[in-house]
Each structure stands twice: as structure tokens, then as C-alpha cells.
Amino acid sequence: MTAALRAPEAWDTAPRTGIPALREALAAHLAAPVDRLAVTSGIRGQVPALLAGVDAVVVERPTFLSVPRLAAQHGVRVELRDWEDILGGERLPGRCLIWVTSPARNPDGRTLTPAEARRLDELAEDHRVVVNQAYHWCAPDAPQPVRAELVGSLHKVSGGGCAVGWRVSPGGVGPDRPAAGGPPTAWQLAWASMIGRGGVAAPVRTGLLDPSARAAAFTARPGLPDGVRVRHGAGPSLLLLVPDHVTEDELSTELARQGLSVGLGSAFGQERGAVRLSFTGVSDEDVPACVEGVHKTLARLGLS
């Protein structure tokens, strides 16, 4: 950062699409065309611009609920739908914005298949499709629709408040690109240098890849009782789903008694009894105790 502040251009206003050094560094890092990539201040800051000209927003379920809340605040009708319903394409409202997350969707790690990516490209003929790539590093080679807007952020490898993200637009980053500019020039210079020197490798490992391996290790443990399922595709989180007669509050309370702190499924728009288990901030040695705590919880709830 010190070197960036000393650069002659540090106090210049950054171009609306980002400084060339950071655009090139991000494009190389993401294997994206540099002429289609613009630097942004993050994902949520792109939502108002992406709403331009749409009649409604169809958001995946489960999902990170900030996006539908932002859309509702801007007076746009919001519908939460499962991927199967979205990809079916039936009853999509007018010209809508379709929002999905891939790879490694929070909270269940779901990732687009090649067929699903192709289907989104078909829907992009009549609708605006946006793919949130916040967990790109969990499956960097995952299929992506070529006609979608791809948005992402570095906050998963740097912490909240990073305020550096990207948007890859199929039509390029010309003057009609509906997006605000990115962060200050000096901040962009610092990140361009860090990415170019491979400086994100360590936080990617500790913040995403290691927790993802722990989530996979938990998922691989056998012995869940009938009616209880784990949903995990990739990434550091998974969903634990239980029969409908057990509420998420009952499940989370019992897990807390076992020393396990979880997120409620309803916080992600999940309709049935479910909780999210995140493996960020735990060690490999914690996984067996986590498995044991879940089994004890299920037994206490009469699900063994």
C-alpha cells in the first residue's frame, strides 16, 4: 500500500471501468477477457444498476438475502425460486433479472453443471442473467453461461470492507455498461500488485479451500438417520436438512447445546427445516467432534 500511495497516479481519479493494471490482473487471475471486465466496489453495489429495465427479479433459493432485499428497496418485485423452477423457464415475469450463485453457492455449495449453464444462456435471450462468482476460487473451472453478467468480489479472500470486485459483461465494458466505478486509484494499484505477485494464494487456501475440504470431510461421514440429509456441492458451507416436524429453531438450539453454532436456513430463504454449517474458523481436528455433536443432536430430537 505504501508503494501504491507513492505512485505518481495514486491521486488521479480512476477510470470508471477500473485502472488498466487491476483490470489486467483480475482478468488473468479469473481467466476472463480483459475487454469485458470492469473493476467495481463489490457485488451489492452493482445491484441497482443491474435492475435497470427489468420488471422483476427472480432470485435463487436458498440464497444470500441481501440481493432480494436491495431489489425490494428499489421497488422491484422479487420472487425466490429453486434452480429447477428457474431453469424450467415457466412463468418467468416479463423481462426479469435472474440471479444465481455459482460456483459453491452459499449456503449449500451448489454449482452449475454444463447443461445448467447452457440453459441460462437460452434464458438470457429474453432476460438478464447474473451469476454471482463470490466463491470463484472453490471451483475456478466451473461452467459459466457466456451470455450472463458475472459479478464477484475479493472480500472472501480479504474480509468484509475490501470494496474491490469485478463485473464481466458479455457485451464488453463500453459506455452503455450500467455500473458505477470502482474504488480509489491507490487501492486499485495495491490490489493489482498483490494479485500480480500471487498474494491471494494464501488467503484463498486458509479462507476457502481448507474450510471447503472440512465441509467435504463432514459430508463424507456416513450414518445419518432416515429423513436427514446433507446438501454440499463445493465451498466452505453445507445445509443440514431435517424432517418437517422439526423446526430450525429446535435444531439450532440442540446443536448449540453440543457447542455448535450454526446459521438458520430461513436466513437464506430456505423453506423447510434446515441449518447452515460453515467450516470457516474451525480446524481439521474439529470435524469429528462436529460429526459427533450433530449425531447427538439428532438423537435428542428423536431422529436417530
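The values are calculated or read from the model by the stated rules, or taken from the named source; none is laboratory data. This structure is a prediction, so every number in the text was calculated from the model and none was measured. Reconstructed Cβ throughout: ideal geometry from the backbone, glycine too, with neighbour counts over all protein chains shown. SASA here: full protein model, heavy atoms, side chains in, ligands and nucleic acids out. Shrake-Rupley method; radii C 1.70, N 1.55, O 1.52, S 1.80 Å.
Of note:
- Relative pair counts by distance (%), Cα atoms of segment 165-265, 5 Å bins: 2, 9, 12, 14, 13, 10, 10, 10, 10, 7, 3, 0
- Rounded to the nearest 20 debye, the dipole size of the chain about its Cα centre is 520 debye, using +1 on the Cβ of Lys and Arg and -1 on the Cβ of Asp and Glu.
- Estimated D of the chain in µm² per second, where Rh is the Kirkwood radius over Cα pairs and Stokes-Einstein applies at 37 °C, 0.692 mPa s: 160 µm²/s
- Hull shadow area, averaged, segment 68-224 [alpha-carbon convex hull, nm²]: 11.8 nm²
- Residues HIS29, HIS136, sorted by accessible area with the largest first, give HIS29, HIS136 [1.4 Å probe; ligands and nucleic acids excluded].
- Loop-located trypsin sites (Lys or Arg not before Pro) across segment 80-133 with a Cβ neighbour count of 13 or fewer within 10 Å are ARG91, ARG95, with loop assigned by DSSP.
- Taking Lys and Arg as +1 and Asp and Glu as -1, the other residues whose beta-carbon sits under 15 Å from that of LEU251 total +1.
- Only Cα sites of segment 1-137 enter the Debye sum here, all with the same form factor; the resulting log10 I(q)/I(0) across q = 0.12, 0.15, 0.17, 0.22 1/Å is -0.56, -0.82, -1.00, -1.42, listed in q order.
- Sum of -39500 (n - 2.57) over DSSP H runs of 4+, divided by residues of the chain (222 nm, nearest 500): -9000 deg cm²/dmol
- What the Cβ-Cβ distance of ALA31 and GLU84 gives, at R0 = 25 Å and to the nearest 0.05, is a FRET efficiency of 0.30.
- Exposure here means at most 10 other Cβ atoms within 10 Å; with GluC sites (Glu not before Pro) in a DSSP loop as sites, the longest stretch of the chain lacking them is 126-284.
- Fully extending the segment from ARG77 to ALA201 would add 40.7 nm, taking 0.36 nm per residue of separation and subtracting the current Cα-Cα distance.
- Listed values for segment 39-46 are Karplus-derived 3J(HN,Hα) couplings in whole Hz (6.51 cos²θ - 1.76 cosθ + 1.60, θ = phi - 60°), namely 7, 10, 8, x, 7, 4, x, 8, and x replaces Gly and Pro.
- Point-charge dipole on Cβ atoms (K/R +1, D/E -1) for segment 187-304, about Cα centre, debye to 20: 340 debye
- The distance linking segment 85-147 with segment 200-225 is 23 Å (Cα centroid to Cα centroid, whole angstrom).
- Length released on extending from THR253 to ARG300, taking residue separation times 0.36 nm less the Cα-Cα span: 15.8 nm
- Going by accessible surface with a 1.4 Å probe and the largest first, LEU277, LEU189 read LEU189, LEU277.
- Under-5 Å amide H pairs with VAL129, H placed in peptide plane, nonlocal only: ILE98, GLU149
- Calculated log₁₀ intensity ratio I(q)/I(0) where the Debye formula runs over C-alpha points of segment 2-75, q = 0.19, 0.26 Å⁻¹: -0.93, -1.15
- FRET E, pair ARG16, THR219, Förster distance 45 Å, beta-carbon r, rounded to 0.05: 0.55
- In order along segment 229-240, the Karplus-derived 3J(HN,Hα) couplings, from 6.51 cos²θ - 1.76 cosθ + 1.60 at θ = phi - 60°, round to 10, 10, 10, 8, x, 7, x, x, 10, 8, 9, 9 Hz, and Gly and Pro are given as x.
- Per-residue 3J(HN,Hα) values for segment 133-145, derived from phi via the Karplus relation 6.51 cos²θ - 1.76 cosθ + 1.60 with θ = phi - 60°, read 9, 4, 10, 2, 5, 6, 7, x, 9, 5, x, 9, x Hz in sequence order (x marks Gly and Pro).
- 5 angstrom amide H check on THR40, placed H, neighbours 5+ away: GLY165, TRP166, ARG167
- A simple spin-label model places the labels of ARG229 and THR113 1.4 nm from each other, with each point 7 Å out along Cα-to-Cβ.
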